[in-house]
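Student: Quick one: this structure, given as structure tokens, is what I'll be asking you about.
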Amino acid sequence: MTSCHDTSGGLVDARTGLAADPSAPSVVLVGNPNVGKSTLFNALTGARQQVTNAPGTTVEVQLGTWRGLTGTASGTGSDESGAVRVLDLPGTYSLLARSPDERVTAETVAGRGALGVPDLAVVLVEAGALSRSLYLLAQVAGAGQALVVALTMTDVAATRGVLVDPERLATLLGVPVVPIDPRTGTGLDRLTRVVSDALTAGVPPVLLPDAAPACSCHGDVACGTGCSCGRPLDLDAELASADRLFTWVDGVQRALASREVDAAVPGAPSSARPAPVRTWSDRVDRVLLDPWFGVPVFLAVMWALFQLATTVAAPLMGAVSSLVDGPVASAVRTALPGPHWLESFVVDGVLAGVGTVLSFAPLMGLMFLAIAVLEDSGYLARAAFVADRAMRAIGLDGRAMLPLVVGFGCNLPALAATRTLPHARQRLLTGLLVPYTSCSARLTVYILLASVFFPAHAGTAIFLMYVSSIALVVVGGLVLRATAFRDLRREPFVLALPAYQRPRVRALLLSAWVRVRMFVTDAGKIIVVTLTVVWVLMAVPVAGGHQIADVPVADSLYGRTALAIAPVFAPAGFDDWHASAALLTGFVAKEVVVGSFAQSYAVDEPIDAGVAGDLGSRLRATFESSSGGYAGAAAAAFMVFVLAYTPCLATVAEQRRLFGSRWTFGAIGVQLVIAWTAAVIVFQLGRLL
């Protein structure tokens, strides 16, 4: 028998080494978006969790160990008890998958995912949105999955006059229903006991109306919108199946509204429901969703995020760098016996890489916390609604605005912010556009060159760089949508607005800690190794009279490499090894470009990049010579190249962690081509002005 969307291999993250033990019982969390699923996962697993990608996809899932829960999966034939694995699946409204994220959820529920057949599904049902929650529950049950219901947001529903009796719902469904509040921990102990009993003794199936098969190869309603077996879906049968499920959902809702559980049949009369109550969230939304008031508030929030990434985190990053470069480096030098080259390798190579990783940790932590606060409070959904119209031009919805705005502060946390997007293809497209947002590190280069070459119009020159950045994002998005992302359909933006809530500090700190830890351990390895390679290039002499780790830049392997690639930039007007060497260091960090210029000219790095001093005169002389007298045009071309070419090493490492090597290295190649082409165009046009 041929199965659709067959997934081979286990849930193993090649970067973290996290493996799914096939002998341990497994529980999956299933629910609509914004129903509290991830909050429940964090409460159940604590710090014993890992963020990884489903095999063969860029879909992010979280796998952890259920604290305080051990059990034997019923029907496995095993008498061994062990830690229970719990997998947080992507939120979805239906198992008829239309996106990679929904497909991962549908395949896992149907037993074709990396976990195999889950032993139990905990389906989160939102008390205030029973219709869409019960429809998903019916599909999970229709896939043959044993389940337990976690009833969430009962307090929010009560403020709207909606009361759900969990005992009546349990009687109607025939399975345990546990009311919980994962934000406060209410009901989690009972949920743990119920799940433990269900893993040991099993639970009865939910009684559903007969469902017609949607897939003509084996009748799997969770198959999605297509089969890898090549056989078509029976759309008439799919619609009939959906109609029967909706009829069942309506019957359950009528029974809940009725005074008698015995009346729980389709078409039974229901008691009058209370009139909708206008809540505090409704009153706030009248302001935040209004175009005249909502847009300024949205811009203010985005500005605050920008400030967080550029000014608030900067002192913390500087403090960490000073600690590593100062006391820690001195202690290592004192404790490390041996030749000078070994000391330089450890301190200037390995330790410098570790310091770079650790210096980014405060920035990542603050940004993760800020995004989590916006998401947990309910405002992020409103921000997406307000920004949706502006993002339609490149085929994305309003949620993509957040990472793109953050990218103007720093590209690294901007990539982290893509996790707020609902679908993997949207996250990938946005992640490919983020490097074209001009981060604050590039600003130091703009200030130096603008003050040297355009002193009377420095502000205008810098402003034009940001305008160019926005143009690159828009044009890049349009090109990607027309080529590699033709399959990314622009669907109507339907978004369920969650009620405003007070964020829970402990849960937010835990979530931020897990993600920062993942960055440090995964992306950190790449950064340390690459910086060590850079040290080797700068330490190895290629001319006589020098020792290893004691060589001028011009006579090092690094300097000769820069000299070899300099002719590539002749059409852009800066075919000089000082410029190409600065661009090479820019792969590590864009702010290092200024320091590289100073080092290659053997002058002190200016305290204020706007007052270049001797460095400025040398830069002008170099660009005058390399451009044939068009120094201003060459400087503008250099600034454009810095804007468009590969982002810093930390960003590249995070891209690789999130999207894989193929997309990352392919993007690097495209970025270099675009940067070179744009620089050449700017220089050649500048010569004519």
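The values are calculated or read from the model by the stated rules, or taken from the named source; none is laboratory data. This is a predicted model, so every value here is computed, not measured. Neighbour counts are summed over all protein chains in view; Cβ atoms, including those assigned to glycine, are modelled from backbone coordinates with ideal geometry.
Student: Spot the failing condition for residue 489; the list is (1) within 28 Å of residue 673 (Cα to Cα); (2) basic (Lys, Arg); (3) modelled with pLDDT of 80 or more, and only one is missed.
Tutor: Of everything listed in (1) within 28 Å of residue 673 (Cα to Cα); (2) basic (Lys, Arg); (3) modelled with pLDDT of 80 or more, residue 489 misses just condition (3).
Student: Could we say that residue 507 is under 30 Å from residue 283 (Cα atoms), part of a helix (DSSP H, G or I) and in contact (Cβ under 8 Å) with a residue 60 or more places away in the chain here?
Tutor: Yes: the conditions hold for residue 507.
Student: Filter the range 92-106 down to the residues that are surrounded by fewer than 24 Cβ atoms within 10 Å (Cβ to Cβ) and in a helix (DSSP H, G or I) and list them by number.
Tutor: Within the range 92-106, the subset surrounded by fewer than 24 Cβ atoms within 10 Å (Cβ to Cβ) is 93-94, 96-100.
Of everything in the range 92-106, just one residue is surrounded by fewer than 24 Cβ atoms within 10 Å (Cβ to Cβ) and in a helix (DSSP H, G or I), namely 100.
Student: Restricting attention to helices (runs of 4 or more DSSP H) lying wholly within the range 522-594, give those where 3 or more residues are under 30 Å from the mean Cα position of the chain (by Cα). Give the steps one after another, and end with the answer.
Tutor: Working: elements: 524-539, 557-565, 577-586.
Hits in the range 522-594: 524-539, 577-586.
Student: Let me ask you something else. For the range 457-474, does any single residue satisfy the condition of being at pLDDT 85 or above, aromatic (Phe, Trp, Tyr) and surrounded by fewer than 23 Cβ atoms within 10 Å (Cβ to Cβ)?
Tutor: Yes, the range 457-474 has at least one match.
Student: Which of (1) more than 30 Å from residue 342 (Cα to Cα); (2) touching a helix residue (DSSP H, G or I) at 6+ places or on another chain (Cβ under 9 Å); (3) hydrophobic (A, V, I, L, M, F, W, C) is the odd one out, the single condition residue 533 does not satisfy?
Tutor: The number of the failed condition is (1).
Student: Now a separate question. What residue, of 405, 434, 452, 445, is within 23 Å of residue 478 (Cα to Cα) and more than 12 Å from the chain's Cα centre (by Cα)?
Tutor: After applying the criteria, what remains is 405.
Student: On to the next question. Could you check the range 108-186 for helices (runs of 4 or more DSSP H) lying wholly inside it with 2 or more residues that are in contact (Cβ under 8 Å) with a residue 12 or more places away in the chain and within 16 Å of residue 35 (Cα to Cα)? First the steps, then the outcome.
Tutor: Details: elements: 130-142, 154-159, 166-173.
The helices (runs of 4 or more DSSP H) meeting that bar are 130-142, 154-159.
Student: Name the single residue that is nearest to residue 43 (Cα to Cα) among those in the range 174-198 being modelled with pLDDT of 90 or more and basic (Lys, Arg).
Tutor: Across the range 174-198, the extreme among qualifying residues is 190.
Student: Can you tell me which residue is surrounded by the fewest Cβ atoms within 10 Å (Cβ to Cβ) among those in the range 22-36 that are closer than 15 Å to residue 377 by Cα and in contact with a Leu (Cβ under 7 Å, 6 or more places away or on another chain)?
Tutor: This residue is 36.
Student: Counting only residues that are of a type in the set (A, V, I, L, M, F, W, C) and either within 25 Å of residue 330 (Cα to Cα) or out of contact with any helix residue (DSSP H, G or I) (no Cβ under 6 Å at 6 or more places or on another chain) (or both), which one in the range 364-384 is surrounded by the most Cβ atoms within 10 Å (Cβ to Cβ)?
Tutor: 381
Student: Return the residue satisfying two criteria in turn: it lies in the range 407-434 and is farther than 20 Å from residue 90 by Cα and in contact with a Ser or Thr (Cβ under 8 Å, 6 or more places away or on another chain), and of such residues it is modelled with the highest pLDDT. Reasoning before the result, please.
Tutor: Step one: filter the range 407-434 for residues farther than 20 Å from residue 90 by Cα, giving 407-414, 432-434.
Remaining after also requiring in contact with a Ser or Thr (Cβ under 8 Å, 6 or more places away or on another chain): 407-412, 414, 434.
Details: 407: 88, 408: 87, 409: 81, 410: 86, 411: 90, 412: 87, 414: 89, 434: 95.
Among them, the one singled out is 434.
Student: Checking the structure you have, find out if any residue of the range 414-421 is more than 20 Å from residue 60 (Cβ to Cβ), assigned to a helix (DSSP H, G or I) and small (Gly, Ala, Ser).
Tutor: no
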